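Undergrad: Handing you this structure, nothing more for now.
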Amino acid sequence: MKKIKSYLNPIERLGTKQYSIVFPLIANIALGILSELYTYDIAKDPNSVGMYIIFLNVFFIIYFSFRDGIKGGFITTGITICYYLYIIETRHYHGSQFTAGIQTTIMLTLIYLLLAAIIGWLKQTIDQLINREADEKKRLQTIIHQLPVGVIIAGNDGKITHINPQVDKMLGVKLPLGFKIERDTLKKIKIDETKSDPAKTLTISALVRNKPMVGQEITFERRGGKMKHLQISAAPILNTRKQTIATASIITDMTAQKELERQKDDFLSMASHELKTPITSMNMFIGLLKKQLKGEDSAKAKYYIDRIHDQANRLNELTNDLLDVSRIQTGKLRLHEEEFSLSQVVEDTIEGLKGTTDKHEIKFVNEYNKNIIGDRYRIYQIVVNLVTNAIKYSPDGKKIIIRVRKENNNVILSIQDFGIGISKEQQKKIFKKLYQVTDSDEKTFPGLGLGLYISKQIVQQHKGKIWVESKKMKGSTFFFSLPIQTIIR
Ligand code: ADP
């Protein structure tokens, strides 16, 4: 029954591009035969056909043009006209009746052909459009299916309209088409949250309306206890009137990368710990050796030992930097807060670094004397790092100006040098881990590119900010600010 209905219903055939010849042919011949039977057997009047038949013919032309396109419409018109001619012939029209019959037939032929052409053309155009859209959909589906990342496209109601198998693999559960992404429904499929709330993140990603969501990370435990780290980005899909019609979410599996990072961090932490022990004992023995040296002859030996001592100290600093980085990565960099004077820290730094340069004049402008609260050792580490850089990157000597002042609710420390400077492009990057400026036309300076990265992390842990203002070949000023909340007197 359903099959017959869909065979006869032209709406259900839209987009199928099946244009039958046989069905309109048989149906129209049958209509002609039935009309004849009616006129002779029922009405008993060969001339009774008239308007009823014309009405039925028009209906058939519209129906078959819409069902079978131009072909269907033309076949119907052809058979109908043949039947009209057959009537003229068999009813023996003559004289004015014959002329009127022929004229009417010609007029109706033109009208029928026009009707069949317009409706048939419309039907075929609709079919083409439907097919084009279906092809487009198929193409999109294939692309989504083949992408190496997970893709979910959800409608405005949060229901999934497209999803690829990668998502199922990542989540460990199958989300079917039409599944409504809602926090509660997601909780039911048991994605156990750990550090983040995956159900919430996924829900937001499915319902992003205005601003795209960029690189949101979620960590969760899959069924069976396996940890998964995913990164989700989402953006609204807008129509031509800029209205949100759907949301596309891209999910990347970061599990392998995270594991690799963890292994790297573990190695860094282990290696720097292992390096620390021999360096400490080296320093101790160097001290003992120095004490053993006596007399005039030992001057040269003392000089060499001092150089070994310098290098051992440098090695010690590098290992400390590596240890700090591994602490930052694993979230283990702890602050030991105490009350201290920032200007005292600056003075200690200047005192400590005096011996390292005789080309620079370090000037200290102190405009803020109150104590602050923070990790004294860590802040000292930042100041030493910034002043060491100021010395290192102004090889021709000149002045270095350190200034401590208060601005709004912050205390700001600045260190200005008149050295090689940093281009605008590089200024954005120097606070990144392991970043060093390596312009080919520039002299390269030794270092690991960790100092500014560590400084930034420490300042951020103090809820402060660090930044730089610089002009190439004119010099740089590094600033860091600490919020006043930490200042008690
Ligand atoms: P490094 O151990 O290489 O000095 P840092 O993290 O302290 O590492 O600095 C990163 C990079 O920033 C340096 O390689 C250098 O190119 C640039 N830089 C830092 N301080 C200055 C400065 N005062 N003047 C010019 N360049 C600087």
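FYI, it's all coordinate maths here, none of it is from the lab. As the structure is a prediction and not an experimental result, all values here were calculated from the model. Cβ coordinates were reconstructed from backbone atoms using ideal geometry, including for glycine residues, and neighbour counts include every protein chain displayed.
Undergrad: Around Q461, with a cut-off of 15 angstrom between Cβ atoms, what is the net charge of the other residues, counting Lys and Arg +1 and Asp and Glu -1?
TA: +4
Undergrad: Which value at 222 nm does the chain reach when only helices count, each DSSP H run of 4 or more adding -39,500 (n - 2.57), with the total divided by all residues and rounded to the nearest 500 deg cm²/dmol?
TA: For the chain, the value works out to -17500 deg cm²/dmol.
Undergrad: How many Lys pairs in the stretch 73-220 lie less than 17 angstrom apart by Cα atoms, where the lysines are 8 or more positions apart or on different chains?
TA: 17
Undergrad: So how tilted is helix 342-353 from the main axis of the chain? Cα-based, degrees 0 to 90, rounded to 10.
TA: 70 degrees
Undergrad: Of all beta bridges DSSP finds with both residues in the stretch 325-440, what is the antiparallel percent, to the nearest 5?
TA: 65 percent
Undergrad: Shifting gears a bit: Just to confirm my numbers, what's the Cα centroid distance between the stretch 97-121 and the stretch 130-156 in Å?
TA: 47 Å
Undergrad: For each pair in K359/K399; K398/K456; K332/K463; K300/K354; K276/K354, compute the distance between the two Cα atoms and list the pairs where it is over 19 Å.
TA: Checking Cα-Cα distances, K398/K456; K300/K354; K276/K354 exceed 19 Å.
Undergrad: Same structure, new question: At a threshold of 8 angstrom on Cα-Cα distance, excluding pairs fewer than six apart, so keeping six or more, what relative contact order does the chain reach in percent?
TA: 8 percent
Undergrad: Which value results for Rg/Rh of the stretch 1-90 when Rg is the Cα radius of gyration and Rh the Kirkwood radius based on the inverse mean 1/r?
TA: Dividing the radius of gyration by the Kirkwood radius yields 1.04.
Undergrad: Show me 453-464, 255-266 ranked by packing, highest mean number of other Cβ atoms within 10 Å first.
TA: Listed from highest to lowest mean packing, they are 453-464, 255-266.
Undergrad: For a label point 7 angstrom out from the Cα of A134 toward its Cβ, which stretches of the stretch 50-80 have the backbone nitrogen within less than 16 Å?
TA: Once the point is set 7 Å along Cα→Cβ of A134, 67-69 turn out to lie under 16 Å by backbone N, inside the stretch 50-80.
Undergrad: Only bridges whose two residues both fall in the chain count here: according to DSSP, what percent of them are antiparallel, nearest 5?
TA: Antiparallel bridges make up about 90 percent of those DSSP assigns within the chain.
Undergrad: If you rank H336, H360, H145, H309 by fewest surrounding Cβ atoms within 10 Å, what's the result?
TA: Lowest to highest Cβ neighbour count: H336, H145, H309, H360.
Undergrad: Sort F64, F478, F74, F340 so that the residue with the fewest other Cβ atoms within 10 Å of its own Cβ comes first and the one with the most comes last.
TA: Exposure proxy ranking, most exposed first: F340, F74, F478, F64.
Undergrad: What's the local net charge at F431, with K and R +1, D and E -1, over the other residues with C-beta under 15 Å away?
TA: Taking every other residue near F431 into account, the sum is +3.
Undergrad: Okay, next question. In whole Hz, with x marking every Gly and Pro, tabulate ³J(HN,Hα) for the stretch 376-386 from phi via Karplus 6.51 cos²θ - 1.76 cosθ + 1.60, θ = phi - 60°.
TA: Residue by residue, the stretch 376-386 yields 4, 4, 5, 5, 4, 4, 5, 4, 4, 4, 5 Hz.
Undergrad: Let me ask something else about it. Work from the charge dipole of the chain (Cβ charges, +1 for Lys and Arg, -1 for Asp and Glu, about the Cα centre) and give the residue of N385, L129, I118 farthest towards its positive end.
TA: Positive-most Cα among the choices belongs to N385.
Undergrad: Now for a different question. What FRET efficiency, computed as 1/(1 + (r/R0)^6) with R0 = 41 Å and r the Cβ-Cβ distance, is obtained for K332 and K180, rounded to the nearest 0.05?
TA: 0.50
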